[in-house]
Every structure is written in C-alpha cells, then in structure tokens.
1. What is the number of the single condition among (1) within 29 Å of the chain's Cα centre (by Cα); (2) exposed (fewer than 15 other Cβ atoms within 10 Å of the Cβ); (3) not β-branched (Val, Ile, Thr) that Phe427 does not meet?
2. Taking the options Tyr388, Tyr429, name whichever one is in a strand (DSSP E or B) and touching a residue at least 40 places away in the same chain (Cβ under 8 Å).
3. Taking only the stretch 390-409 into account, find how many residues are more than 20 Å from Glu354 (Cα to Cα) and surrounded by 15 or more Cβ atoms within 10 Å (Cβ to Cβ).
4. So is Leu357 touching a residue at least 12 places away in the same chain (Cβ under 8 Å), touching a Pro at 6+ places or on another chain (Cβ under 7 Å) and either loosely packed, with under 15 Cβ neighbours inside 10 Å or not β-branched (Val, Ile, Thr) (or both) or not?
5. Does Gly187 satisfy the criteria of being in the same structural domain as Lys337 (by TED's automatic domain parsing) and either at pLDDT below 90 or at positive phi (or both)?
6. What do you reckon, is Asp87 in contact with a Lys or Arg (Cβ under 7 Å, 6 or more places away or on another chain) and at pLDDT 70 or above?
7. Among the candidates Thr35, Thr59, single out the residue that is modelled with pLDDT of 75 or more, under 22 Å from Thr235 (Cα atoms) and polar (S, T, N, Q).
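The values are calculated or read from the model by the stated rules, or taken from the named source; none is laboratory data. In this text, all values refer to a predicted model and were calculated from it rather than measured experimentally. FYI the Cβ positions are ideal-geometry reconstructions off the backbone, even for glycines, and counts take in every protein chain you see.
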Amino acid sequence: MAKKITIALVGRPNVGKSSLFNRLIKKRKAIVDATPGVTRDRLYGEMEWEGRAIAIVDTGGFLPPDEATPILPQVIIQCQKAIVEADVIIFMTDVRTGLTPIDVEIMKYLRKTQKPVLCAVNKVDGEKQLQDLSEFYALGVEKIWPISAIHGHGIYELIDEALTLVSPEETKEEKIPSMAIKVALVGRPNVGKSSLFNRLVGDERSVVSDIPGTTRDTIDTILKYDDKTYLFMDTAGLRRKTRIKTRLERYSVKRALRAIKHTDITLLLLEAPEGITDQDIKIINYAIACGKCILIVVNKWDLMPTTSKFKREYIENIRQRLRFASFLPVITVSALKGEGLKQIFAMLNTLYQEYTLRISTGQLNRFVEEIWGKYQPPLYQNRPIKLYYITQVDIKPPTFVIFTNYPQAIPENYKRFLVNQLHQLGFKYIPLKLLFRERRRS
C-alpha cells in the first residue's frame, strides 16, 4: 500500500504542461509540440519526492471560444475530471504571451473547486522574464511561482510547496497490482477504439469523437473484472505511412507501436462495414513479430445483418485473409450499444492463460516423438536430420527449443508444420516461438 498525492497540471493550450509533466516523471510520455491543443485526454505519470509517491496528471488545454472545435467540450470534461481527482492543482501560464482573458477565466473556475491551487508562470528563462511577472498578480494569488519546464528552473521548489498543502494522512492509500494483464487497444483511425475503451473501463477516460486521430497519447487505465486485473492502453490510430502528414502524428504512431511492444495482448479493433484491411494485416504482422497475443474485435456489428450465416461467412473471410495466422480469435461487438463486452474479457483471460502456459519437457517429448516418427524432415546433404529433444524455455510468448544436428538445414515448411502441431498442446489462439539449436556429439 502506498500513500500518494495527486497533482493536476491545468492551463490553456501551449503553456508547457506536457513539458513539465515529462520533466517531473523523467520520461517523454506526453507528446510535446508547438501546436496548441496537443494533449486531449488526461495522461497519468508517477514520481517520488522526499519519500512520497506523487501521481502527476497532464490535461488538455482550455481554448477560447473563437478557437473552439467540436472536440473542445470533451477536452474540458477531461480537465474537470482531473481537477476532481487532484489533491493539488498547478495552474500554468506563460510569461511570453503574458496574462490573457482565458487565464483569468480558468482561475475563477479553479477557485470554485476549493482545491489548493499554485500559480506557475512557465518559460521564465532569465532576468528579463522575471521582470514581466508582476501582471500575473492580477489573478488574485498571493505568490507566483516562476519556472522553466524545459530547463528545470524552479520546478522542484514548486513541488515542495505542493506537498506542504496536503498532509500524508489526507492522501488516499492506493494498492498497486502485483500483476496485471496488459492490453493495447489498437487499430486504424476512427474505428471506435476510444468508445470501446470507455465502455471497458466504465468511465469517460478517453475523449470519444468522430474526428479521425482524436487519441494522440497512449492512455493507461487499470481495471478489475472477475478477480482479474487488466491494464488497458488506448492508443492513437495507426494509418499507412503515406498518409502520415505531420511530425505530431509520427510521434503518436511511435507510441502506439511502443504500446504493442510493452503489453501482453494486442486488441485489434476493426470496423465491421469496412472489414479487415491491408493496414490491419500489417499491425497483426508487427504484433506477431513482437511475440504478442492478438484478439481481433470487429466493432459496429450493430450495423451488419443479424443472421448467423452472415456472421460465419464474415469471420471466415477474415481467416482467409489471415492464412498465416488463422488461429487468431475473432469476436464481434458494438461499443455504441455495449454489446459483446463480456466476450472480450473471457477471451483476454483465455489468451493470457495460454500466453503463460508451461508444458513439461517429458510431455513435450512424448508428444513430439510421435510426430517425428511419422513425419521426418528431409535429408541434408544425403545425411539424416536428427531431432534429439525439445524443451520449453520461456513464456510470453511460449518459446521452445529443439536440439538437432543440423539446425540450419530445417526447411521453413517443416518449421511451420511443427509449430502447427505444438498448437495442439493447449495453445489454440496464440503465436508460438520455435528455435533450433545444434547439439554436438562428444
């Protein structure tokens, strides 16, 4: 059990909230770009200071009415939720643009929350900027905290002050799960990832919008369901390289690919009317290359014919496109109507059980010896290839090593044949890794 204080970073766009967030957690987790409004969801990170655990929450920026977009109301909702969760709020402004009317409006709103608020003026990099701080006292605060998120000036004094505003007894105890099933929610833009994510976690944690590319950062949420703990990661849409136009979008794609690498299961969401695309197949290939479980979830199924025959033929068409990985599970859901969600949790649990399954060396060799007796590999330079024994050396993914006299001579089609046979040992839905090692005679 760890006592933790939550600090929310709040302010208008482009005042440096994400730069401060990255500086505090010592990771480049939040996307930093000169484009206003980059952060849209609320993003969580952790740091430790003076023996106390701190959760830092980065939020999207409040925008003035003349710059409003269809997504703005949801961004503001995310900010409001972060404010409700916070023990202390750091309200950030920018010395270079000076005090603005929107700064004044935000401060009025924050006062109504009755939460402790510290006013930090960012981008104070020298004496000239220090001289420009006086106008910010018009916000009605007793003290201004000059900082430079980029260079680190003044930020730890700011955190020291934040800690004095909340005593250890007032912070909530939070149990950190010892083990969680990590799931990356991925797919092309606008297939409904954030809508499904919100349905799964039971909270509007992600901004949901019909605008493609809404989610830019990777959002993490821990969820307990039927005595199992899951860590869900909502990611940015993965579009084809030729359609990636901006540096910001490239950052988002890199983070989504990184999420696949650092999770156990890739939940690939498809859009039912469009079906599986070449881009989806590329994502599947990448996840398999990373050794990850994959669950294919077809969203917006409420828009499709309801007959069981149509569903069978639809799923069979997907399997035909995935002949290289026809073992992957496919389920249909409607995130909009909340249909099929129990299937997702049941399949995630099944996949993780297979992903962590170990088979004893004795059972492996008894099973495989029978196969070897019927189907021998071809000769190599007129010499027989001998397969001495097999053992499992790892999980996540289950990894097997076969010791042989000529590992370099095993044909690819025979390797695939052996992998397909190993799937019968309780690995119905997941990719397996098979290696060959030379065993020299003494």
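1. Among (1) within 29 Å of the chain's Cα centre (by Cα); (2) exposed (fewer than 15 other Cβ atoms within 10 Å of the Cβ); (3) not β-branched (Val, Ile, Thr), the lone unmet condition for Phe427 is (2).
2. Working: Tyr429 fails: in a strand (DSSP E or B).
Only one candidate passes the filter, namely Tyr388.
3. We begin by selecting, within the stretch 390-409, every residue more than 20 Å from Glu354 (Cα to Cα); these are 402-409.
Those still in the list that are surrounded by 15 or more Cβ atoms within 10 Å (Cβ to Cβ) too: 402-407, 409.
Of the residues in that region, 7 qualify.
4. Working: touching a residue at least 12 places away in the same chain (Cβ under 8 Å): yes; touching a Pro at 6+ places or on another chain (Cβ under 7 Å): yes; either loosely packed, with under 15 Cβ neighbours inside 10 Å or not β-branched (Val, Ile, Thr) (or both): yes.
So Leu357 fits the description; yes.
5. On the way: in the same structural domain as Lys337 (by TED's automatic domain parsing): yes; either at pLDDT below 90 or at positive phi (or both): yes.
The answer is yes for Gly187.
6. Values: in contact with a Lys or Arg (Cβ under 7 Å, 6 or more places away or on another chain): no; at pLDDT 70 or above: yes.
No.
7. On the way: Thr35 fails: modelled with pLDDT of 75 or more.
Of Thr35, Thr59, the one residue that is modelled with pLDDT of 75 or more, under 22 Å from Thr235 (Cα atoms) and polar (S, T, N, Q) is Thr59.
For every residue, the table says whether it meets (1) touching a strand residue (DSSP E or B) at 6+ places or on another chain (Cβ under 9 Å); (2) assigned by TED's automatic domain parsing to the domain that holds Gly291; (3) over 20 Å from Phe327 (Cβ atoms).
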| position | (1), (2), (3) |
| --- | --- |
| Asn365 | yes, no, yes |
| Trp372 | yes, no, yes |
| Tyr380 | no, no, yes |
| Leu387 | yes, no, yes |
| Thr399 | yes, no, no |
| Gln408 | yes, no, yes |
| Tyr414 | no, no, no |
| Gln421 | no, no, no |
